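Q: One structure, pasted below without further comment.
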Amino acid sequence: MIFSQVVYGDVTVLNILVAVLIFLVGIILSKLLALNLRRSFREKLSREHLELIVKVVSYTVIIIAVLLVLPQVGVEPSGLMVAGGIAGIAIGFASQGIVGNLLAGLFLIFERPIKIGDIVNIGDVIGFVEDIRVISTTIRTFEGLYVRIPNEKVFNDSITNFVANQARRFEYTVGIRYQDSAEKAIEIINSVLDQHPLVLVNPPAHAFVDELGDDGVNIIIRIWAPSTEWYGVKTELLWKIKCALEEGGIEIPFPQRVLWFAEKPPQEGN
């Protein structure tokens, strides 16, 4: 009771002690939250992203503690909140794009639809993910160009990740002549696929007659390969299949047209 009777203006020593206690509790709580966040997400997030989240949480707790301390030292936060609210609105309009990208970046960090090194298609940009920051994501295109995409666009746009699945399928359409055996052609194709070390057994490759075209019989070949190697396999196998079919006496047809001529009409007098 002695402390409560010592008054500095409208603030007693008890108010000061309570303010100090609240501030210390806020600091301790922010440290504990930071420690738990680092332990929980150190294996899931990069160090840069984790430290950013830790700072945001720590500063938020300290700001709340300061707002609780102000009434104890005779400062009404209402006036500050009004002024801060007006300033916040002005800043919000000026930086709403940055805030949107920041929030989208945090969602991307937790959801993780893409990772550094993935081959992705975001909007009209296709390439390798070079960097994922809180505000933007950097894509390196196949032409070697670096494209910076705001995270809000990344989060709101559709994302095609070409390597998220371990296997990827591609296909060819190969035509053979009508006089050649489709069964033999499929047997030769399957033999080529079986000999290639990067053609997956599960899911299996599949070759079948798809269409009886104008110029020949069309065979569809569907092949599964590791996502990281599929392009090299695709560019290599087609030529091997062509060579194997030619060695087996099966040719790829050229476009053909059959022309029919009407008989010469009889001449008058004959």
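Q: Is the range 163-173 home to any residue that is crowded, with 17+ Cβ neighbours inside 10 Å, part of a loop (DSSP other than H, G, I, E, B) and in contact (Cβ under 8 Å) with a residue 12 or more places away in the chain?
A: Scanning the range 163-173 turns up at least one residue that is crowded, with 17+ Cβ neighbours inside 10 Å, part of a loop (DSSP other than H, G, I, E, B) and in contact (Cβ under 8 Å) with a residue 12 or more places away in the chain.
Q: State yes or no: is Val82 under 15 Å from Asn156 (Cα atoms), assigned to a helix (DSSP H, G or I) and at pLDDT below 70?
A: No; evaluated as a whole, the condition is false for this residue.
Q: So is Ile176 in contact with a helix residue (DSSP H, G or I) (Cβ under 8 Å, 6 or more places away or on another chain) and more than 30 Å from Gly105 (Cβ to Cβ) or not?
A: The answer is yes for Ile176.
Q: Scan (1) within 30 Å of Glu111 (Cβ to Cβ); (2) in contact with a Ser or Thr (Cβ under 7 Å, 6 or more places away or on another chain) for the single condition Asn218 breaks and write down its number.
A: The number of the failed condition is (1).
Q: Quick one: what pairs do we get from the range 236-252, first residue at positive phi, second in a loop (DSSP other than H, G, I, E, B), C-beta under 9 Å, 6+ apart or different chains?
A: Pairs that qualify, where the first residue is at positive phi and the partner is in a loop (DSSP other than H, G, I, E, B), are Gly249/Asp180.
Q: Taking the range 194-223, which residues are loosely packed, with under 13 Cβ neighbours inside 10 Å and part of a strand (DSSP E or B)?
A: Of everything in the range 194-223, those that are loosely packed, with under 13 Cβ neighbours inside 10 Å and part of a strand (DSSP E or B) turn out to be Phe208, Glu211, Leu212.
Q: Next question. Out of all the residues in the range 124-162, which are assigned to a helix (DSSP H, G or I) and surrounded by 13 or more Cβ atoms within 10 Å (Cβ to Cβ)?
A: Asn151, Glu152, Lys153, Val154, Phe155
Q: From the list Val129, Val147, which one is outside the structural domain of Ile241 (by TED's automatic domain parsing) and over 19 Å from Pro226 (Cα atoms)?
A: Checking each option against the conditions leaves just Val147.
Q: If a residue must be in contact with a Pro (Cβ under 7 Å, 6 or more places away or on another chain) and among the aliphatic types (A, V, I, L, M), how many such residues does the range 177-199 contain?
A: Going through the range 177-199 one residue at a time, the tally reaches 1.
Q: Just the residues that are part of a loop (DSSP other than H, G, I, E, B) and under 20 Å from Thr228 (Cα atoms), please, taken from the range 109-123.
A: Arg112, Pro113, Ile114, Lys115, Ile116, Gly117, Asp118
The values are calculated or read from the model by the stated rules, or taken from the named source; none is laboratory data. Everything numeric here is computed off the predicted structure, so don't read it as measured data. Neighbour counts run over all protein chains shown; Cβ positions are idealised from the backbone, glycine included.
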